[in-house]
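Novice: Quick one: the structure is below, and I'll ask about it shortly.
Readers should treat all values here as calculations from the given coordinates under stated rules, not as data from a laboratory. Values in this document were obtained by computation on a predicted structure and should not be read as measured data. Positions of Cβ are generated from backbone atoms using ideal geometry, with glycine treated the same way; all protein chains shown enter the neighbour counts.
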Amino acid sequence: MSDTLVLGAVAYDPKVVTIWDGFKAWFEQRGLPFDYVLFSNYERQVQAQFEAVIDVAWNSPLAWLQTERIAAATGHHAQAIAMRDSDQDLTSIVVVRADSNITAIEGLRGRRVAVGASDSPQATLIPLGHLAAAGLEPGTAFEVLVFDRLPGKHGDHIGGERDAVRALVRGDADAACLIDSNHLLFSQDGTLPAGAARVLARTAPYDHCNVTILGEATARMHRFRELLLGMRYADPDVRALLDLEGLKEWRPGRTSGYAPLAAAVDRFGTIESFVAGVAARCG
Amino acid sequence: MRIDLGDLGFDEGGHLLVKRALRGLSAGAELEVRGTSPDLDLHLGTWCRAQGHRVRAAAGAWSVAPAAGHGRHEDARAGHADASRPGAVVERPPATWGLAARGARVEPGSPDFGFTLACRIEVWSDDAARLYAQAVAAQWDPATAIPWSAPFELPDDVEDAVVQVMTYLIENETAALVIPSRFIARLHPHFREVMQLLAVQAADEARHIEVFTRRALLKRAEPGLSTAGGQASLLTLVQEPDFPIASFLLSVLGEGTFLILLRFLEAHAPDPVTAAVARLAAQDEARHVAFGLAHLRRHLAEDPGFRARLASAVRRRHDALRHTAGLNAEVFDALQLLASGSDAPAALRQGHRQVQALLGDMDTARQNNLERLGFTPEEAADLSSLHTRNFM
């Protein structure tokens, strides 16, 4: 068992089992003993990595920041070793109804803004941080309607964003926050009828999930990363898994795309107590 | 290459035009996209990211560099749609072609459906498409093709005889429906025309079951007797796992024999409804025999040694049925009564001779079919004599 590389992932959807079972078989066929552990929430996973229950963590951007900060507080060093092509350069947007008289961010003052899960970087923290940076403090300058689906899963589940957009379409909210890709998805599946909404604001680009390790990479971690980056979409053995995981290729990890989220959590104090708690236990 | 979407947005199908333009792009080239839809920047970027394409804004337009290995044109074709093209129907289609239309480009990684009848020599016939088309064109509607309301009244024992024969026909046709249906589920869909032909054969049998049932119940509340021996004979057919052998036993020997029986019934039918159901069913059975002969002849041309396996299948079935009664006596009696037309002694004697002649005709038909498959007259006579006494 000690030779086995153990990855942690959060079970935000049943397909997670299919994905990691498939990858496990693929890694093992290539000589890397591999296993995975599923967590019901990212906080438990972050803590487990500091307790050495898992070797690598498939982290949300918020979980990455939690890990990075706990590591800094406890003398560890966290690294993002890989990420999906689809994790890079995302944006979030704030939309209003097409017939709304709101034409600038300032127009949201005194209005209701619908967001996704309270811990969703893309549907809540980053867009609210964007509005705050523009001078509109959430909860003060405008009311926040939180659609808190599956907290702990950091917005991986799409339900909160869909609820936020539905609230906008119904007229229960004056604006809604969501990730750019879901704007296209909701436009195509009819959640957001064509021509029904207008993009009011768009955040700076940011990055999403990454594969996180603590400390220096071991030989097994190097091999794991090498295999990940070597996966080819043309390979029928992994194509279906890559489709499920939503990527065409794995890329080397980078940490340059987390500034918008870091600014937001600093402003809102989102993760301070969690970081301090784990740092105190594991430090 | 350039494309201008005008005011068409991605939420209205604009991605279709971009996809098509990317397909036509030569290797290493980039696509310049223009458009005025307000969300185009947002949606083009998002869509390209999901597809693995790289996009950058460039002077009032966007430039899209397709993902490496973009396009599916490299996926192999599953033979060709037109069966007459060389290489259209392959010897052993891969299991992962699955349900794909023959000739489609099949994406790697498709699942294995586990079709066990996947060898061309065992199933294919160049005649299948022609026979299928013929079968579809020859479908008849039981509601209008049979004179159900023609007035007639038969003596009780003659009506009983008709009901008994119909009861026998129904269970035989049920076997003839179950057998191709079971093979359809195992047959690789690459052999599309064979699959379709078997399906229409099963549909033929469904119709036969309908009209025989309806005739049986025209004047009676319930059908007649089903015997253990008759069902034991049919079980040996239903349980035969090998498609060419089952086809040989069912279509060539069984339905070949049945065809003669149906013609006999038509000739001696005491009423217009019985005559019509027998005549129409016989038309269909002739087609089933033709397909059985066609694909077995092709099989034997490629593998003459298979003839010995066919012969041993007949012997094996004969041995398995050695201790059963064969055709039920009620059916024999019914056939004689129908051929007699009345219970007068002279008529009964005449009817008996006609049933004996029927058996002779059946034997001759089987021998002819066996000789068409390349058996010598002596082998044909021997094998025909071993055929089940239950006819099917």
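Novice: Nearest 0.05, what FRET efficiency do B:Thr96 and A:Asp13 give at R0 = 30 Å with Cβ-Cβ as r? Kindly include the intermediate steps, with their values, before the conclusion.
Specialist: Working: r = 27 Å, r/R0 = 0.89.
Result of the calculation: an efficiency of 0.65.
Novice: Antiparallel DSSP bridges in chain A: what percent, to the nearest 5? Please list the in-between numbers first.
Specialist: On the way: 22 of 37 bridges.
About 60 percent, rounded to the nearest 5.
Novice: Here is a further query. Full extension from B:Asp303 to B:Asp7: what is 0.36 nm times the residue separation minus their Cα-Cα distance, to one decimal in nm?
Specialist: Residue separation times 0.36 nm, minus the Cα-Cα distance, leaves 100.1 nm.
Novice: Moving on to the next point. Starting from the 7 Å offset along Cα-to-Cβ, what nm value, one decimal, do you get for the label separation of A:Asp266 and B:Ala203?
Specialist: 7.2
Novice: Please check which bits of segment B:32-50 a label hung off B:Ser63 would reach, taking the label as a point 7 Å along Cα-to-C-beta and the cut-off as backbone N under 13 Å.
Specialist: Those under the cut-off are B:32-33.
Novice: Additional query: Kyte-Doolittle mean at least -1.0 and Cα extent at least 27 Å along the axis: which DSSP H helices of chain B qualify? Before the final figure, lay out the partial values.
Specialist: Numbers: long enough: B:156-186 (46 Å, 0.38); B:192-216 (36 Å, -0.18); B:272-302 (46 Å, 0.08); B:345-372 (41 Å, -0.97).
For chain B, where a helix must reach 27 Å along its axis and average at least -1.0, the hits are B:156-186, B:192-216, B:272-302, B:345-372.
Novice: Turning to a different aspect of this structure: Once you put a point 7 Å from the Cα of A:Arg170 and another 7 Å from the Cα of A:Thr218, both along the Cβ direction, what distance in nm separates them?
Specialist: Between A:Arg170 and A:Thr218, the simple spin-label model gives 5.0 nm.
Novice: For a quick check: sort B:Ser312, B:Ser110 by the number of other beta carbons within 10 angstrom, fewest at the front. Before the final figure, lay out each step's value.
Specialist: Numbers: B:Ser312 11, B:Ser110 18.
So the ranking, lowest neighbour count to highest, is B:Ser312, B:Ser110.
Novice: Moving to a separate point now. Pull up the cross-link candidates among the lysines for A:Lys24, meaning alpha carbon to alpha carbon under 29 Å and not fewer than 8 places away within one chain.
Specialist: Cross-link targets: A:Lys15, A:Lys153, A:Lys248.
Novice: For chain B, what relative contact order do you get, as a whole percent, if you take Cα pairs closer than 8 Å and at least 6 residues apart?
Specialist: Details: 544 pairs, mean separation 57.1, N = 392.
Computed value for chain B: 15 percent relative contact order.
Novice: Next up: What does the protein assembly as shown give for Rg and for Dmax, in Å, if only its C-alpha atoms count?
Specialist: 36.9, 114
Novice: Also: In whole Hz, with x marking every Gly and Pro, tabulate ³J(HN,Hα) for segment A:63-69 from phi via Karplus 6.51 cos²θ - 1.76 cosθ + 1.60, θ = phi - 60°.
Specialist: Once rounded to whole Hz, the list reads 5, 4, 5, 4, 5, 4, 6.
Novice: Okay, moving on. In deg cm²/dmol and to the nearest 500, what is the mean residue ellipticity at 222 nm of chain A if only DSSP H runs of at least 4 residues count, each as -39500 (n - 2.57), divided by the residue total? Kindly include the intermediate steps, with their values, before the conclusion.
Specialist: Values: 10 runs with 111 residues, N = 283.
That calculation yields -12000 deg cm²/dmol at 222 nm.
Novice: Taking the DSSP beta bridges in segment A:36-194 as the whole, what percent of them are antiparallel, to the nearest 5?
Specialist: Details: 5 of 12 bridges.
Bridges in segment A:36-194 that DSSP calls antiparallel: roughly 40 percent.
Novice: Additional query: Once you've got the GNM for chain A with C-alpha springs shorter than 10 Å, pick whichever of A:Asp35, A:Asp55, A:Asp266 has the biggest mean-square fluctuation.
Specialist: Answer for the Gaussian network model of chain A: A:Asp266.
Novice: Between B:Trp47, B:Trp124, B:Trp140, find the one with the highest GNM mean-square fluctuation for chain B; connect C-alpha pairs within less than 10 Å.
Specialist: Result: B:Trp47 has the largest fluctuation of those listed.
Novice: Test of understanding: what is the full-extension gain from B:Phe332 to B:Ala50, defined as 0.36 nm times their sequence separation minus their Cα-Cα distance? Don't skip to the end; give the middle numbers.
Specialist: Numbers: separation 282, 0.36 × 282 = 101.52 nm, distance 7.28 nm.
Length gained between B:Phe332 and B:Ala50: 94.2 nm.
Novice: Oh, and also: Using a basic spin-label model with each label point 7 Å from the Cα along Cα→Cβ, how many nm lie between B:Arg34 and A:Ala72?
Specialist: 4.7
Novice: Right, here's the next one. Can you sort B:Asp11, B:Asp361, B:Asp160 from fewest to most other Cβ atoms within 10 Å of each residue's own Cβ? If you can, show how the numbers build up before the last one.
Specialist: Working: B:Asp11 25, B:Asp361 15, B:Asp160 18.
Result, fewest neighbours first: B:Asp361, B:Asp160, B:Asp11.
Novice: In degrees from 0 to 90, rounded to the nearest 10, what is the angle of the helix A:272-282 Cα long axis to the longest principal axis of chain A?
Specialist: Long axis of A:272-282 versus the principal axis of chain A: about 20 degrees.
Novice: Got the relative contact order for chain A handy, in percent, Cα pairs under 8 Å and 6 or more residues apart? Mind dumping the intermediate values first?
Specialist: On the way: 554 pairs, mean separation 81.2, N = 283.
So the answer I get is 29 percent.
Novice: While we're here: Out of all DSSP beta bridges in the protein assembly as shown, what portion is antiparallel? Express it as a percent rounded to 5. Please report the intermediate quantities before stating the final value.
Specialist: Numbers: 31 of 50 bridges.
Of the beta bridges lying entirely in the protein assembly as shown, close to 60 percent run antiparallel.
Novice: List B:Cys48, A:Cys209 from most exposed to least, where exposure is judged by having the fewest other Cβ atoms within 10 Å.
Specialist: Values: B:Cys48 22, A:Cys209 26.
By the 10 Å Cβ count, ascending, the order reads B:Cys48, A:Cys209.
Novice: List the relative contact order of segment B:208-310 as a percent without decimals, with contacts defined as Cα pairs under 8 Å and 6+ residues apart. Kindly include the intermediate steps, with their values, before the conclusion.
Specialist: Numbers: 61 pairs, mean separation 28.0, N = 103.
Taking the mean separation of contacting Cα pairs over the length of segment B:208-310, I get 27 percent.
Novice: Over chain B, with a Gaussian network built from C-alpha contacts below 10 Å, which listed residue (B:Ile245, B:Ile146, B:Ile170) shows the highest mean-square fluctuation?
Specialist: Of the options given, B:Ile146 has the highest mean-square fluctuation.
Novice: Find the centroid of the Cα atoms in segment A:63-111 and in segment B:276-342, then give the distance between the two in whole Å.
Specialist: Here the answer is 75 Å between Cα centres.
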